[in-house]
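Novice: This is the structure, below, for whatever I ask next.
Any read-out appearing in this document is the output of simple, stated calculations on the displayed coordinates, not a laboratory observation. Not measured: the values here are computed from a predicted model.
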Amino acid sequence: MAQLVVFLALLFSIVIAIFAVQNTTAVTVSFLTFTVQNVAVSVLVLISAALGAAAMLLLGVAREARLRWQHRAVSQQLRVAQSRLSQLETTPTASGEPVAAPTETPPATKEQTAR
C-alpha cells in the first residue's frame, strides 16, 4: 500500500512538472488588494501544488496527533481496568477464598446491543 502511495505521488509530480514546463506564459495575478504582474503560469502551478502538499501534511500531522492522544487515553483506561480486575480477583470472599475469574462473558445489555 505504501508503495502505491509513493508511486501515485511520483506520477502526480511528473504530471505537474510536464504541465509547468509546457505553460510558461506570463500572466497577472490579483487576489484581494494584492497584484503581481508577469508571473509564469508554471510558477503558479508549482506554488499551488506546494501549498496543497503543505496543507495535506498539516492535516495529516493533526490527525496523527489526535489518534496518538486517543490511543494514550485508551491505554490508560485499559491499565486502570486491568489493575481493578487484578484487585478484584485477589480480593477474598466471605468464605475466605479468592474470587475466581468468570469463565464466560456475561450477556449483553440492551444498551450495549443498541450501539
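Novice: Give the number of residues within segment 6-24 that are within 28 Å of the chain's Cα centre (by Cα), closer than 13 Å to residue 44 by Cα and polar (S, T, N, Q).
Specialist: 0
Novice: OK, next. Counting only residues that are under 20 Å from the mean Cα position of the chain (by Cα), under 21 Å from residue 9 (Cα atoms) and of a type in the set (Gly, Ala, Ser), how many does segment 25-79 have?
Specialist: Residues meeting the conditions: 6.
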